[in-house]
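Trainee: Quick one: structure below, then a few questions.
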Amino acid sequence: MPHLGTFLTKIDANPDLYGPFWILTTLVFVVAAAGNFSRFIAGNTEVYFGFVPTAATLIYSLGFCTPVFLAFLMRLFGSE
């Protein structure tokens, strides 16, 4: 059973970033696909891959830099 104490004690000290990374990566491709879909609805039938770097920059910066910035601010004002 994965919810028993032995499993939780083993993973408690070793958190990973695979979950947040794959959630953000999925959002990048969803945003890029939505951008291409909106172009398709408007009548442009060619695929534009320029949405991927733009979406990746926006999503990853919001997903990783915002928590780091908030942690810095919290430490600056004395929070633990």
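Coordinate-derived values only; no laboratory data. Since the model is a prediction, treat every value here as computed from it, not as a measurement. Please note: Cβ atoms are built from the backbone with ideal geometry, for glycine as well, and neighbour counts cover all protein chains shown.
Trainee: Enumerate the helices in the chain for which the Kyte-Doolittle hydropathy averages -0.5 or more and the C-alpha atoms extend at least 30 Å along the helix's axis, using complete DSSP H runs. Mind showing how you got there, number by number?
Mentor: Numbers: long enough: 18-41 (34 Å, 1.29).
Going by DSSP H runs, the hits are 18-41.
Trainee: Stretch Phe40-Cys65 to full length: gain in nm at 0.36 nm per residue minus the Cα-Cα span? Before the final figure, lay out each step's value.
Mentor: Working: separation 25, 0.36 × 25 = 9.00 nm, distance 3.23 nm.
5.8 nm is the gain from fully extending Phe40 to Cys65.
Trainee: Counting helices only, and only those DSSP H runs with n ≥ 4, report the 222 nm mean residue ellipticity of the chain as the sum of -39,500 (n - 2.57) divided by its residues, in deg cm²/dmol to the nearest 500. Numbers along the way, then the final one.
Mentor: Values: 4 runs with 53 residues, N = 80.
That comes out to -21000 deg cm²/dmol.
Trainee: Another one. Shape verdict for the chain, please, from the Cα gyration tensor: rounded (a/c under 1.5), prolate (a/b greater than b/c) or oblate. Don't skip to the end; give the middle numbers.
Mentor: Numbers: a/c = 4.57, a/b = 1.76, b/c = 2.60.
Because a/c hits 1.5 or more and a/b fails to exceed b/c, the chain counts as oblate.
Trainee: Sticking with this structure for a sec: Relative contact order of the chain: what whole-number percent is it, with Cα pairs under 8 angstrom and at least 6 residues apart? Can you show the working numbers first?
Mentor: Details: 25 pairs, mean separation 21.3, N = 80.
That works out to 27 percent.
Trainee: Here is a further query. Please work out the FRET efficiency for the pair Tyr48 and Phe21, using the Cβ-Cβ distance as r and a Förster radius of 25 Å; give the result to the nearest 0.05.
Mentor: 0.50
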